[in-house]
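Structure, as structure tokens:
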Amino acid sequence: MQSSDRAGRLVRALIRADTLAVYSRFCARTLVPTRGPATRHRALPPDQLKLLLLTNVIRNLHRLITCAVDSPDAGLQQELMSALAHTQLLEHAARALMHAAQSTSSAGVSGSAASSASGPADESRSTVSAAVAHFSNSLISLVGGNLAIVAVCPRPRKKDALHDVEFNAQQLELLQQLRPLLAGRCVQLFAAWAGLCAAMAFRQQAADGSVQKALAPTEAQLQHGLPPALIQSLRLSPDSADVLRVATATLSTVIQVTVSGPCDLAIAQPPAGHDRLPPQSPQLQPQTQQLAKPSVGPSPSLPSLSAAAAAAAVPYSAVHAYGLLEEVGYCLACHGSCRVENLSLIAVVMGRLLAELPPPRAAVLLPGWWRLLAQQPSMLLQPTWLVQVVGELLRLQLNAPPPAAWAADATDAASAVAAGVDWPQQGAAAHNLGGKPAVGAAAAPIAAKAAASLALERDPSYSLRCALEAGLLPALERCLRTPQAWRQVGSQPDSACSLLLVVNSVLRDSGVWPAVLARGPVQQAVSLIATLGTAARLLQVEETWCGVIRLASQPGTERGTELGAGDHLCAYLAAMLEQGADVRALRERAQRQREGQPQPQQEARQPAAQRQGQGPQGQPEQPPPQGAATNAATTAAAAAAAAPTLHLNSVMEAMLLEDGSVRPSTFSIAWMAAAGGLPAPGSAADRQQQLLTSFAVYHWLPVLAKATREAMQDLQACAGRTLAQALLVGRLLMDVLWREDCSQAEAGDGAGAGAGGKASSPRPDGAWWDGMAPTGESLANHMHQIVCVLATGAVEPLLQQCDAWQQVATLDLLQSYWTCFDNMARVATYLQAMDAAQKQQRQQQREQQREQQRRRRRRPEDVQQNEQVGCGEGSSSGSGGGGNCCSQSLHELMLPFVAPLPAQRLAAAHGRQDLFDYLGAVAVEAKWEILIECANAAADTDELERKREIERRCDSLASSSDITDRLREKWSAPMQPQYPWLLSQGEVRAGLQDLMAAQAAAAAAAAPVPSGTGGSSSSSSSSGVDHGSGSGSSSGSSGGPVFVHKLCCNPKCCSLDGPSALIAPRSGKTCVRCRAATYCCGACQLADWRERHSGTCSGAAAGAAGAVQAGAKMAGV
């Protein structure tokens, strides 16, 4: 602290002594050429001596600025800003440094022509590099490291600057004074020069022939009107990577602080705090001192810099600044070991400028931004707000602002469907760019596509189309396939928290997931879905604790969490399934509205309403003892009709208002329909969406069922979200189990072979996916435990914290479950009574232990006598069958606790008389079974009187045993699947097989592979466009296309190695016995062989049969 105070006092003394004015005059004097005979007597050339002195001045300036910025004294920082504005030191230093660099480069070129010695030129170049690094660090330090990069722009948004306005208000005030200084012509020209030189160095260091280098701009395009000698001066060696990093960061920071566009393009479904901050009052700048220019004439090289500044339109406009950043970004991406944080910073600034450009210009530049992101997807994991920018640009609206219907939840299905906009037909020229930047002739198709989009009345999906064409889905998959990051604890970069934000912001919160399923490349979507499921399984095996979670609907907000990364990922996956399910249900409801048909909830509840007030045998029944209202059935029907869409997505990130209340986040299904997520019925996009949504259900449902079952054990944390997730997963489980029962009933022709997960498709090429193996008992066990909690422990949270429609939906789920599993309600009632009896038994045992402890405090002879008596009683009871006595006592303890499940209260509250009666009858049946067990236990003893009493009680309860059968028979008649769009696994496997084969064949025909390449595509792994599209298809025996990529046959695969979940031909591990099972690695092959494949392998069975026959022949011989 004392050293810091001394440094602050020294800096203040230097500032007040006009040291900065002296530095400024010196920088101005360096522009004057040295003349006279004195130059011949110096040891160093004049230009080199000036460069050394200038480097020392800039180094001292950097130290002074660093001490002032790091000082806690706000007054010292204010004095520094005033001195910089007074002396215009930054302008003079930037101009002098560029002039010295240009002079050094010219001298080096002439010297190399005169002699072969390159030592002085290299030394001067190193000196220039050091001066550039010091001056760049000075500019970055002045902006302030505590401020978020999104908060330093000229027109920040509330969500971006809210934290800094509250905690860093002093630095924001200083930034207002610094902004005019950084907007100076020389400072901006220096930032552009240093960034372009660094970009050229990165491009030169890239491997020759690489795809990234081919995408980068040429050296001629990097000049931007600057003198060639000035550009040549910073061709740095590979050991000066720090200079390159600082130079590119300086360019991004200066543009972010000073450049702003003329427009403010809107986005659909904006997050909280998307409005701009009110403009601040202009700060009074101190009077600047115009330093006297040297009386001698200017250097001959100075006009070139002035002309370059005029040609580059310095200070830069938004369009010129975006072009600079784009070229520098492509050069950084082509370097293998580039600084990813610098590239992500450039992408953030470019994304902000895109939203501020005029729509025609933004439409042309938007595809290039998505291509840059696809080249380096790892920059999504950096803490530079890039994930938020990606989510917002996916919703960017260019030609029309979003209507009001997109901002709120649609209450009318027909109006939401009417808001949908179908995707326009794309020309062939737009798909043949090959991921190259829009340069020269390649820019014509992009310009035509942008003009066609702007000509439409509304084109909400333009940005999403550009992203999919650039390879967004493979880029996201490569970002997510980082197992080390999934295991990293905390909120730092390359951690599970960062990966969760990518899934949450880009895939879920953006609202484009249904459109991706309908319009995206099938092969890329299949691979991404498989990768998400693998990551969820990995987190269930090795859980990672986050500590905090970042919210996508409220950018910049973090919340503490006690849940693991696997719980959050499963919640996001369930929310994405809800989006697909609700969007498809939206069209069905709209169709029913047009045809005037009743809704499914009304149809399912019609038999219950008819039974209202009638008993099982037509006799009037007593009203529920809970005192349900007379119009409870009408209220329940109204609650079901008012059930909102996307409820899980809304409660996922509830907003905490200023008054302390909680409001669900806005999530519009109308925006999903407008983005392309609601294709025309019967179209190819509709079929693709149905297949991919069903594939996601089968691929994610086992891990979601397990996660939901575990989350239901503790409803104290996130009760609303957990119950919403349980309802969704429970409905999906019931539909899958119902379809499995139907397929087993039709097991003759093999129509539902894929539903069981063990049988394979009869098609020879249908083994690319084996289906969901853990069906049947595994999913049923998860469903049993989920329903058990819903019927018992979740009733109180449902009544207190949930809306009426959620309670009605829970009752519907329980009714359909008990219809399919007729004895599970009785089992739950039995277990409920057993649990209560065991608790009482344990309490009695504790009381007996305390009584024994009290007895031990008596005299020793009493203790010995009691122990002898106890031993005698124990031996006599053991000889008489102590096990039966223990069993009898437990069942007798259970009898007082046999009562209907707590879900009966929920049924009574909503007038569900049928469920009320059913649960009462089930309790009677459970009590009857317990009495029978007590009678069987009494038959082994001499207590005949107790046995007769139990038999009389059983006879009195036997008359109510047929109530449940009649109710289930009535329920089973109107029972239909909740999601009729869900296909069987066999249909999904065959349908996706045909789609992927057709797309792979079309891609191979559109881009034929040159001869001699062996059929492999090197661009797919770098640009992320169509993984293996050139080698993913071949001709089958019937002449049609065959898709040869496969998913790992291990249903519990947790491997995230490799860029894709799909296994390319001649890759992975294949079973040598059957040649049909392919695995991603040897670990998966060994694990699946031990658990499943050894019993289903056709090659192993044939080998065993052959061995038996050979043994029989040998025995015969």
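Mind telling me which of the residues GLN864, GLN832, GLN868 ends up being at pLDDT 80 or above and part of a helix (DSSP H, G or I)?
Numbers: GLN864 fails: at pLDDT 80 or above; GLN868 fails: at pLDDT 80 or above.
Testing whether each residue is at pLDDT 80 or above and part of a helix (DSSP H, G or I) leaves just GLN832.
Report whether or not ASP714 is open to solvent by 30 Å² or more (accessible area, probe 1.4 Å), within 29 Å of GLY793 (Cα to Cα) and at pLDDT 65 or above.
Yes: the conditions hold for ASP714.
Which one is nearest to the chain's Cα centre (by Cα), of the residues in region 316-374 that are of a type in the set (Phe, Trp, Tyr) and part of a helix (DSSP H, G or I)? Let's see the steps before the verdict.
From region 316-374, those of a type in the set (Phe, Trp, Tyr) are 316, 322, 330, 369-370; that's our starting set.
Filter once more, so that each one left must be part of a helix (DSSP H, G or I): 322, 330, 369-370.
Working: TYR322: 28, TYR330: 25, TRP369: 20, TRP370: 17 Å.
The qualifying residue nearest to the chain's Cα centre (by Cα) is TRP370.
Of the residues VAL340, VAL364, only one is in the same structural domain as GLY471 (by the TED database), open to solvent by 10 Å² or more (accessible area, probe 1.4 Å), of a type in the set (A, V, I, L, M) and in contact (Cβ under 8 Å) with a residue 12 or more places away in the chain; which? Give the derivation first.
Values: VAL340 fails: in the same structural domain as GLY471 (by the TED database).
Answer to the check: VAL364.
All but one of (1) touching a Leu at 6+ places or on another chain (Cβ under 7 Å); (2) open to solvent by 60 Å² or more (accessible area, probe 1.4 Å) hold for GLU578, so report the exception by its number.
Just one mismatch for GLU578, condition (2).
Which helices (runs of 4 or more DSSP H) sit wholly inside region 6-90 and have at least 3 residues that are modelled with pLDDT of 85 or more and either hydroxyl-bearing (Ser, Thr, Tyr) or touching a strand residue (DSSP E or B) at 6+ places or on another chain (Cβ under 9 Å) (or both)?
19-29
Cβ-Cβ distance below 8 Å, separation of 6 or more or different chains: which pairs start in region 1070-1090 with a residue that is of a type in the set (Ser, Thr, Tyr) and end on one that is open to solvent by 40 Å² or more (accessible area, probe 1.4 Å)?
Final answer for the pair search is THR1078/LYS1046; THR1078/GLY1068; THR1078/LYS1069; THR1078/THR1070; TYR1079/GLY1068; TYR1079/LYS1069; TYR1079/THR1070; TYR1079/GLN1085.
Restricting attention to helices (runs of 4 or more DSSP H) lying wholly within region 433-550, give those where 2 or more residues are buried (at least 24 other Cβ atoms within 10 Å of the Cβ), out of contact with any Leu (no Cβ under 6 Å at 6 or more places or on another chain) and modelled with pLDDT of 90 or more.
Details: elements: 443-455, 462-470, 472-480, 483-486, 496-502, 513-519, 522-541.
Output list reads 462-470, 472-480, 496-502, 513-519, 522-541.
So is THR482 within 20 Å of LEU691 (Cβ to Cβ) and within 15 Å of the chain's Cα centre (by Cα) or not? Spell out how you get there, then give the answer.
Working: within 20 Å of LEU691 (Cβ to Cβ): no; within 15 Å of the chain's Cα centre (by Cα): yes.
Considered against the rule, which asks whether it is within 20 Å of LEU691 (Cβ to Cβ) and within 15 Å of the chain's Cα centre (by Cα), THR482 comes out as no.
Please go through region 791-820 and give me each residue that is surrounded by fewer than 23 Cβ atoms within 10 Å (Cβ to Cβ) and not in a helix (DSSP H, G or I), ordered by number.
Within region 791-820, THR792, GLY793, CYS802, ASP803 meet the criteria.
The values are calculated or read from the model by the stated rules, or taken from the named source; none is laboratory data. Because the structure is a prediction, the values reported are computed rather than measured. Don't worry about glycine lacking a Cβ; one is built from the backbone with ideal geometry, like all the others, and counts go over all protein chains shown. Heads up: the accessible areas ignore ligands, DNA and RNA and are worked out on the full protein's heavy atoms, side chains in. Shrake-Rupley method; radii C 1.70, N 1.55, O 1.52, S 1.80 Å.
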